[in-house]
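J.: Shown below is the structure under consideration.
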Amino acid sequence: MLAPVTCAWSAYGQTSTVTASVQVSHPQSHKAESGNAGVVVWLSPQGEKSAQPAPVAEATNKRFTLLQKNKNFTPHLLVIPAGSQVEFPNKDPFFHNVFSLFEGKRFDLGLYESGSTRSLRFDRAGISYLFCNIHSEMSAVIIALDTPYYTISDREGNVTIPGVPAGRYVLRVWKEGLSAATLKSFSKAVVVSGNDTSLGKMAVPGSPAFPVAHKNKYGRDYEDPTPPGQIYEH
């Protein structure tokens, strides 16, 4: 969760703590251990305030980390202010090659060895789905937002966004595996006022198990390493 941001928008009036409750309906065949966690909720300013500079400049000085260890990305889901820089350290005893071919940020960090780090700035808002070109089981999501008013639901489904100036916003929701049409159906106009604003309960459908099948960065099927990792070990 992003800490409250102090900015020129606060001059418009007092700020509120925006809360909500998320209930994820997982299919019987896929009871997620994470419960109601992993739902991203954010508020995009509307009206006169939207003409003001987006108050994310201070946050972009912070560096974020997406760790590669035990053939996993940690965290699997990373939400950052647009313009932020992300470090990709490799803590495995073999090579990795992080890439993304999706609209959020298209990039290829290339092959790099154990103990080394690559970094990348996510200079515009968007959703990036990340994979490793060597290990097909690795996947992660980075969401870059042009608003500082966001959070990720916890296991109980609690959503809390502090320091939101009074005004009109568009509520947006993201959950991995849901279609663009489904996600769009959650968008709605909201008004923030007073010390606390509750957005009520949101029922979010569950999604299939991840990672889903995908191609490598060349658009081809992954090759099974024989023996595993021998070519890439440092």
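The values are calculated or read from the model by the stated rules, or taken from the named source; none is laboratory data. A quick note: this is a predicted structure, and the numbers were derived from the prediction, not measured. With ligands, DNA and RNA removed, areas are computed over all heavy atoms of the protein, side chains included. Shrake-Rupley method; radii C 1.70, N 1.55, O 1.52, S 1.80 Å.
J.: How big is D, in µm² s⁻¹, for the stretch 86-131 by Stokes-Einstein at 37 °C and 0.692 mPa s if Rh is the Kirkwood radius over C-alpha pairs? Intermediate results must be reported in sequence, preceding the final value.
T.: Numbers: Rh = 11.1 Å.
Using the Kirkwood radius from Cα pairs, D works out to 295 µm²/s.
J.: Calculate, axis by axis, the spread of Cα positions in the stretch 66-186 along the three principal axes, and write the results as whole Å, longest axis first.
T.: Result, largest extent first: 49, 28, 25 Å.
J.: To continue, here is another question. Given H placed on each backbone N at 1.01 Å, which residues far from residue 65 in sequence or on other chains put an amide H within less than 5 Å of it?
T.: Sorted by chain and number, the residues that satisfy this are 87.
J.: Kindly report, to the nearest 10 Å², the accessible surface of residue 95 as traced by a 1.4 Å probe over protein heavy atoms only.
T.: About 50 Å², rounded to the nearest 10.
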